[in-house]
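Bear in mind that the values in this text are calculations on the coordinates, not laboratory data. Not measured: the values here are computed from a predicted model. Here the Cβ is made from the backbone with ideal geometry for all residues, glycine too, and neighbour counts use every protein chain on show.
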Amino acid sequence: MTAIVLLGPPGAGKGTQAARIAERLNIPAISTGEIFRANMSEGTELGKRAKEYMERGEFVPDSVTNPMVKVRLSAPDTANGFLLDGYPRTLDQAHVLRDILAELGVSLDVVLEIQVDEDEVVARMLKRATEQNRSDDTEPVIRHRLEIYHELTEPMATYYADQDLLQVVDGRGSIDEVSERIFALLDGLNK
Ligand code: ADP
């Protein structure tokens, strides 16, 4: 059982690294952003509710997000563990996650924070915008998402650091370089 939370600004490469970690540890990577996008393209009720917030670069309300995560974490494929990408994003969500995990009898093993500076993440996201055509990747929306990140998500690192769960990873360099750093860190934890 390995329970991991991945933190980092939008554009830090969380999704890419999440897939690699998940494959290596044989656990599902659970991305709230991806669940919302999948629901949007399928036109579900959940997708319709999330759409307006996402397109403004704002958080989808907790009344939508928290129950969705609870249901997802209760699925049988998490028996071996899971990696959460994009959740929690606020201290309130971190508290909800604590309660969900307590109910499931699971404790977090590690919170990985991928650190990349602001200019680099803006550049990466603008590149991704042209490649993937994501409606929340325009420059003003990107800037807004980064502001929200600094204001609401970054302070959560302290919450996890206080519980001795936080591990910071340098997110600069190639995708492989960052993965190697993460794997070395995870291997070190399992000893
Ligand atoms: P990125 O990592 O680039 O920020 P995500 O795919 O994680 O992108 O999220 C995209 C959008 O989905 C967010 O800007 C937000 O609107 C919504 N979202 C994702 N996760 C959450 C969450 N935990 N709480 C509220 N909204 C969320």
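Of all the listed residues (Val110, Val121, Val168, Val116), the sole one being under 16 Å from the mean Cα position of the chain (by Cα) and closer than 27 Å to Met68 by Cα is Val110.
Applying the set (1) loosely packed, with under 14 Cβ neighbours inside 10 Å; (2) within 21 Å of Thr153 (Cβ to Cβ); (3) out of contact with any Asp or Glu (no Cβ under 9 Å at 6 or more places or on another chain); (4) not β-branched (Val, Ile, Thr) to Pro76 leaves exactly one unmet item: (2). Output the residue which, of all residues in region 161-181 that are part of a helix (DSSP H, G or I) and touching an Asp or Glu at 6+ places or on another chain (Cβ under 8 Å), is surrounded by the most Cβ atoms within 10 Å (Cβ to Cβ). The residue in question is Val178. Pick from Thr138, Thr130: which is of a type in the set (Val, Ile, Thr), free of Cβ contacts under 8 Å to residues at least 24 places away in the same chain and within 14 Å of the ligand (Cβ to nearest atom)? Going through Thr138, Thr130 in turn, the sole match is Thr138. The set of residues from region 109-122 being surrounded by fewer than 17 Cβ atoms within 10 Å (Cβ to Cβ) and in contact (Cβ under 8 Å) with a residue 60 or more places away in the chain comprises Asp109, Gln115, Glu118, Glu120. Within region 30-79, the set of residues being more than 7 Å from the ligand (Cβ to nearest atom), among the β-branched types (Val, Ile, Thr), in a helix (DSSP H, G or I) and within 20 Å of Ala102 (Cα to Cα) comprises Val69, Val71, Thr78. Restricting attention to region 80-90, the residues that are away from the ligand (no atom under 12 Å from the Cβ) and under 21 Å from Ile114 (Cβ atoms) add up to 3.
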